[in-house]
Structures are given as structure tokens and as C-alpha cells.
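The values are calculated or read from the model by the stated rules, or taken from the named source; none is laboratory data. Since this is a predicted model, take the numbers as computed values, not measurements. Cβ: placed from backbone, ideal geometry, glycine included. Neighbour counts: every protein chain shown. Please note that ligands, DNA and RNA were not included when accessible areas were found on the heavy atoms of the full protein model with its side chains. Shrake-Rupley method; radii C 1.70, N 1.55, O 1.52, S 1.80 Å.
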Amino acid sequence: MSVASIGKYEFEPLDKVENFHGNQLTYFNWEQHLLFCAPVCLPLPPEMPFAALVQEVLPGVYNKHPDFQKINWDEVTWTLDQADFTPDMGKSLADNGLGHKSLLRFWTPGLDGIKGSHS
Amino acid sequence: MSGKRKSKLGIKQRYSMLTRGLGWDTTYQDMDKVFPYDNYEGIIIHDWDGWEDPFRLTMDAYWKFQSEKEKKLYAVIDSFAQNNGHLGITDARYVNALKLFLTGVSPLEYQAARGFTHVGRQFRGVGPRVACQMQAIDELRHVQTQIHSMSHYNKYFDGLHSAPHMHDRVWYLSVPKSFFDDARTAGPFEFLTSISFAFEYVLTNLLFVPFMSGAAFNGDMATVTFGFSAQSDEARHMTLGLEVIKFMLEQDERNIPIVQRWMDKWFWRGTRMLALVAMMMDYMLPKRVMSWREAWDIYFTEAGGALFADLARYGIKPPKYADIATKEAEHISHQAWHIFYNYTHAAAFHTWVPEKDELDWLSEKYPNTFDKYYRPRLEYLDKEEKAGRRFYNDTLPMLCQVCQIPMGFTDMDDPTTISFEVSEYNGDKYHTCSLGCRDIFDYEPAKYVQAWLPVHQIYQGNCGGAEVPDVLKWYNFNLGADNLEYNGSPDQKLWDEWQAHRKKA
Amino acid sequence: MSRIVSITLQNNDDARPIIEAIEKDNPEATVNIYPAMVKIDCEGRLIIKQETVEELLGREWDVQELHLSLVSIAGNVDEEDDYFELSWNV
Ligand SMILES: [Fe+2]
Ligand SMILES: [Fe+2]
Ligand SMILES: [Zn+2]
């Protein structure tokens, strides 16, 4: 529906990709590890290799969790924007299909958080 | 009964002299031009005189009673200050609830004053116009008395020094701020549905009443008194909310679907905002009156149930997703507290892990959820803190496009999995925390794409700098005092010193 | 479905005769006491009569003085010179 208004109602979205200085926003969530209360948001260059995301970005976000060191990355399952997804570690984020404000979720089988509470 | 009384006009006549008696239809200018805003929302009004005034306070009575309320309030505030009332509260942790109240809720009183001033000009019906104008004055009184009461705490405790500045900038305060911005940028009928009906009628009982009772229980006479003083006006505001709904529904059938959609929207926005109050009640009151879950049962399920049964004769259904909100009442305070625990380095109040007897209370009040989902991680966090490794989340969170809360709420059918919703609009993705927030976005995407989401604004470079300390300075935080864990905070140190003195004396 | 109407008043000297009057005129009402406030629930309908409050108070009482002690209400309001009533339509 359009907004009921007293005149023309057209405004710029505030979060267009060009407002992020060459980066695009990416959201991540480590599933069943709610010690981190919510998914996180990071501005990342679309040309960044997926491997750098796993080796450099995610540890900075999540390595405070005792489960993080135990992750077997070969067993991790992913979804990208809610569809099953197998990343190509050698390719860039953009070539892996990550766009501005894409949501990347990952599951780490066998790891179920603090005392099995999914935290 | 005295003869003097009988000679007066009845209350209904007096009120109609004030309202109908003082209004007129313009003739030099078309009424549609004088009141251009009261019909573009699609609400059809045939007869503005069909408006029933629920309370009938004339101006003389209004001034008389309001001044009496003020006198009582200021007598308490003065004696509270003179007698060092802050020493009588149960525990300094409690003051953190006041910090959130002063920065998050009191500025909404001011927003309400602005909103009601606006709509108090825009209705062509003189009944609602007068009611809105009186309410605008009430709301101004509320913000003033709240700032005044809490200024006493500002002499001793951190985080209370810059409420309006923080309200406009700080990430979690964008939650209440955007709620009111959304309401005030809607038309006058939607504004009254959002604020007077959904917020004041349906939800204020949850917001104010149990919390103020809790303030009394925790020895905070200043807050109880301003709270109840405001609440005495609020009872009048609530009835305006119910009246505007009945008025719209009675005037024309075509209003029903519009009103229903607004109720659904504002109920959901309201429950999201109340997550903040839920955690205040369950985590921030050292002595607890009732749990959030219990408050929800009394004030929403029971009182709301009777209300919606009453509205059923107009074809109005209970708000969409009320069932989900009721399930969430078992979780929401714990999830909200956890969000603030994660990011308290970027908040102007402290958080902590509840003490053992408090955890036991939560276990008892939330037998279905607390031990299973929340207690283990609180105990872990406690252990980490005591070992000198206080956990903070170092990465900024993903926010809901509509309610603007970090996406920390889970799927009620699968409570360990975050609930994700997404919409596409003009080629961009917009993420929401729930079906309720997604529906709101999908109905008016052109409105919500303008949301000023704090995390995105920080990344765009609009919030003082790229590093967290720069942003916190831009928020006007005193770093190391306003923010971080309660244990070891200057607030705690001061409180412990006072307690030690007391023992000596 | 319950049709409870409800009024919450401050638990202070001003409100006490009002609370007492409510109990007298609404024998079905339940009084719940919380810190600093009293919540009175009643099925369907609840009335505050000026006459009863005046008797208990021993002075004239303007029904609108109720505003000074009111914390919250649930129900449709009917405010008149000599009574204040809350109800749900049956
Ligand atoms: Fe208010
Ligand atoms: Fe209000
Ligand atoms: Zn949301």
C-alpha cells in the first residue's frame, strides 16, 4: 500500500549501498549460540574473499565463546538470505552472491552452547 | 444535598457549554480548508456531535485539580530531597531503571505534548479538540515533573545528565523515539489510535502501574509520586483512547478495517517497546512486585480480553499476533536484558547478573523457560565476570527495520532460534524481527525505508566517528562512569560507602 | 470470557473512603492490594456513589475529586454529578 498522505510521498531510503563508502552491509548469525544476543552487522568490501571472512572476520566477532575454537569448518552448514548455501572460499563475497544487507546464517553441528542451553 | 449544588448546571451541560458552546462552523473559509488534516486518512465522520466526552472536566475544575496534584507532588519531592530520600532505596542497582526511564520514557511525554498540541488543532470536532488540548498540557506537566523528580538522583548517580541529547542519538533510545515519530507523522486519527488507545489504554497499565508500584516497594517515593500524579491524568487519557475508537467505529462501517489495521500495528509496536519495561520489572527492581508474565496476564490477557470482547460488537477482533505476544511474555524480559548485558559498554546505565536469590525468583516465576534457556547462560556470565572476563559483545547488532531493537527475539515455536523476516522494496532488502514488524513494513514501505537505524548510521559515519569511543562521546557519555558493568562502577562504590557509614552510625 | 471492569486507586488517606464506598456499593467487588495502590475488580459493572462517599467522609465530596486518587481504570466511563460508573456492554 502507499502511505496515506497530504501530498506526494517520496523519500530516499537512508541505507542505500552508496552511503557506505564502498562497503556493503552484511549480517551474520551463529545459530544456537545466543550468548551473542543477536545477529551482528558489519560493513564489508564486496570484493573480500569468503575465506577472509571465515579466517579473519568471524573470529573477531565470535571467539569469546568457548565453542568457537571447536568449530569444524568443514561441517558447518550455511544459509544465505534464507536459502541453502555452500560458500566458495576462494571467491569474493559478491561472487558468492552476497549483496547489500544479505543475511548469512551458519550452524555448527555438535556444538550446542553453554551447558547445552543453545547460548 | 445542598441547595447550592442544585442551582448549578449539571456536569454534562457544563461540559457541553465548554465544548459545543464555544465551537462554531467557519463561513469565510471552507471547513475543509480550516481543518485539512482530519479526512485524508480515510476515516469518514458524518456527525462530529456523536462524540461522547468520557470525562467532563471543565477548565475551572481542571485547573483546580491539577494544581492540587502539583502541590502534593512538590511537597513530596521537596521532602524527598531534604531528607536524602535516595539513601532509602533498596539498592543502587535500582537507579538504573530510572536512568532508562528518564532517557527513554520522559522524552516521550514531551513528544506526546507535541503530538496532542498538533491534533488538538486539527480535529474539526470540538469535543476531541478540547480533550486533546487538555492532554497536551498534561503531557507537558509529566515531562517537567519527571525531570524535576529525577534531578535529585542526578546529584549522586551517573547517566542522568543528558536525557534529551541522548534520546535523539543513543542506539536503544531510537526504539521509543521512533515509536513516537511514527505516530506523530501519521494523521490525527492514527495518532490517537496509536497513543491514546494502543499505548495509553491497552499498554500503559503494563508500563506505568506495576512499575510505579515497584518503585514504592523499592523505597523510591519521588518516582512513585510523580508516577501516580501522571497516572491520575493517564486515566483520563485512556478514556479518550477508547472513545476515539468507538467514535470512528460508530460513524461509518468503512472505518472498521482501517481501525483494525491501526490496532494491529500499534499493539505490535507497543509490545515491542514494552520489552524495555519487561526487563525493568524482572531484572532492575531489587524488590519485585510481580513478574512481567504476571503483569501481562492481569493487564493484557484479563483487562485486554474484556476490552476486546466489548469491541467485538463493532466487528473488531483482538490485535493480530496477540497470541505470539502472550507466548513471548515467557521470554521477552530475559532476551531484552541479555541484549543490554551484551552492549552495556555502549549504554548509559549498568547491567549485571542477578544475585542467586533473584535467579531463584526468576526460576520460580518462569518455570517453563528460565532454567531451560536463560539461567545457564546467566550463571556462565556471572562466572566469567567474577574471573575478570566480563563478557561484552564487540560487534554492533543487526536491528529490526521497524521496531529498531537488536534482533534478539526468538521464534516462539523454536525459542533458541532467532526470528528473521525480510521484505524487498525497490531492489533493497529490509529485515524485521517478527511477523508483526514485517506486516507494518509491508503496508507502508515508503515510510520505513527512512528509518534512522543507529547501527547503519554509525557505519555511514554520521555518529561522531568510526570507533566506539567516538560514538559514545557523541552520545555525551562519561566513559567508565555512565556505561559498563554495575560491579565496580562508581555508582556501586558510592552506594557501598554510604552503606558502610550507616552501619558505623 | 470475563468482563471485569477495574479501578486502581492510590493507597492513601484520600482514597480510603472511596475504596470503602466501592466495597459497600459493589458487594461482588474484589480488592487487590499492591505496594502503594489498590486495584478493585468487579464483574461487568462498578459504581462509586457520591452519597456513600460523603457519608463515610462526613463532608461534601465532589465526584471529580476522584481524579486526585485515580491510577487506572478499565471499562467504559459514565461520569455524572452524583456517581461515577464503569461498565462493559453486555
Ligand atoms: Fe503522560
Ligand atoms: Fe498520557
Ligand atoms: Zn521489530
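Residues of the stretch B:205-233 falling in the label zone of C:ILE33, defined by backbone nitrogen less than 16 Å from a point 7 Å along Cα to beta-carbon, are B:217. Peptide B:228-235 has a mean of 6 when you count, residue by residue, the C-beta atoms of other protein chains within 10 Å of its C-beta. Hey, what did chain B get for relative contact order, percent, Cα under 8 Å, at least 6 apart? Normalised by residue count, the contact order of chain B is 17 percent. Between the alpha-carbon centres of the stretch B:63-91 and the stretch B:214-252 there is a gap of 20 Å.
Other protein chain C-beta atoms within 10 Å of residue C-beta, averaged over B:215-221: 2. The mean sequence separation of alpha-carbon pairs under 8 Å and at least six residues apart, normalised by the residue count of the stretch A:21-116, gives a relative contact order of 42 percent. Considering only the other residues whose Cβ falls under 15 Å of the Cβ of B:VAL471, what net charge follows from Lys and Arg at +1 and Asp and Glu at -1? With Lys, Arg at +1 and Asp, Glu at -1, the net is -3. Please give every one of the lysines within straight-line cross-link reach of A:LYS70, meaning a C-alpha to C-alpha distance under 26 Å, and leave out same-chain neighbours fewer than 8 residues apart. A:LYS70 reaches A:LYS91, A:LYS115, B:LYS372, B:LYS383, B:LYS386. Counting Cβ atoms of other protein chains within 10 Å of each residue's Cβ and taking the mean over peptide B:387-396 gives 4.
Spatial offset of the stretch C:16-90 relative to the stretch A:1-77 amounts to 55 Å, using the alpha carbon center of each. Taken as Cα centroids, the stretch B:441-505 and the stretch B:330-359 sit 14 Å apart, rounded to the nearest whole angstrom.
Each label point was placed 7 Å from the Cα along the Cα-to-Cβ direction; for B:MET59 and A:ASN63 their separation is 7.0 nm.
All other residues whose Cβ lies under 12 angstrom from that of B:PHE420 are scored, Lys and Arg at +1 and Asp and Glu at -1, for a net of -2. If you plug the beta carbon distance of A:GLN55 and B:ALA81 into 1/(1 + (r/R0)^6) with R0 = 41 Å, you get a FRET efficiency near 0.10.
Taking C:LYS39 as the anchor, which lysines have their alpha carbon closer than 23 Å to its alpha carbon, excluding any fewer than eight residues away along the same chain? Excluding near neighbours in sequence, the set is B:LYS69, B:LYS72, B:LYS287, B:LYS365, C:LYS24, C:LYS49. D by Stokes-Einstein for the stretch B:466-505, Kirkwood Rh over Cα pairs, 25 °C, 0.890 mPa s: 207 µm²/s. Kirkwood radius, the stretch C:4-87, all distinct C-alpha pairs, inverse of mean reciprocal distance: 12.5 Å.
How much area per residue is accessible in chain B when the probe is 1.4 Å and only protein heavy atoms are counted (Å²)? With the other protein chains kept in place, chain B gives 36 Å² per residue. Approximating the spin labels as points 7 Å out from Cα along Cα→Cβ, the B:ARG121-to-B:THR417 distance works out to 5.1 nm. Under conditions of 4 °C and 1.567 mPa s, the stretch C:38-90 yields 109 µm² s⁻¹ as its translational diffusion coefficient, taking Rh as the Kirkwood radius over Cα pairs in the Stokes-Einstein equation.
If you wrap the tightest convex hull around every Cα atom of the protein assembly as shown and split its volume per residue, you get 164 Å³.
Note on the stretch A:21-116: dipole from Cβ charges, positive end direction compared against A:HIS21, A:GLN55, A:ILE114; the farthest Cα belongs to A:ILE114. Applying the criteria of a DSSP loop state and at most 16 other Cβ atoms within 10 Å to the trypsin sites (Lys or Arg not before Pro) of the stretch A:31-116 yields A:LYS64, A:LYS91.
Counting every alpha-carbon pair across the stretch B:3-89, the share separated by more than 18 Å comes to 69%. Legend: calculated FRET efficiency, B:ASN476 to C:GLU55, from the Cβ-Cβ distance at R0 = 56 Å, rounded to 0.05, equals 0.50.
Scaled against the 2.2 N^0.38 Å expected of a compact globular protein of N residues, the Cα radius of gyration of the stretch B:309-427 reads 1.31. Normalised radius of gyration (Cα atoms, divided by 2.2 N^0.38 Å) for the stretch B:388-505: 1.49. Chain A contacts chain B over a buried accessible area of about 4200 Å², both sides summed; the probe is 1.4 Å and only protein chains count. Model label sites at B:TRP452 and B:TYR74, defined 7 Å from Cα along the beta-carbon direction, differ in position by 3.4 nm.
Working from the Cα coordinates of the stretch A:21-116, the gyration tensor eigenvalues give, after taking √(5λ), semi-axes of 22, 14, 12 Å in decreasing order. Comparing the stretch B:114-252 with the 2.2 N^0.38 Å rule of thumb, its C-alpha radius of gyration ratio is 1.13 (two decimals). Note on the stretch A:12-91: with charges restricted to the Cβ of Lys and Arg (+1) and Asp and Glu (-1), its dipole about the Cα centre is near 260 debye. Each listed q (0.17, 0.23, 0.25, 0.26 Å⁻¹) maps to a log10 I(q)/I(0) for the stretch B:223-288, found by the Debye formula over equal Cα scatterers with no solvent: -0.84, -1.06, -1.09, -1.11.
I'd like the FRET efficiency for A:LYS115 and A:ASP84, computed as 1/(1 + (r/R0)^6) with the beta carbon distance as r and R0 of 22 Å, rounded to 0.05. It comes out at approximately 0.15. Multiplying each eigenvalue of the alpha-carbon gyration tensor of the stretch A:21-67 by 5 and taking the square root yields semi-axes of 21, 13, 8 Å, largest first, rounded to whole angstroms.
Ordering C:TYR34, C:GLY44, C:PHE84 by Cα displacement along the dipole of chain C toward the positive end leaves C:TYR34 in first place; charges were set at the Cβ atoms of Lys, Arg (+1) and Asp, Glu (-1). For chain B, the extents of the C-alpha atoms along the principal axes are 75, 63, 44 Å, listed from largest to smallest. Summary value for chain C: 36 percent relative contact order, contacts being C-alpha pairs under 8 angstrom separated by 6+ residues.
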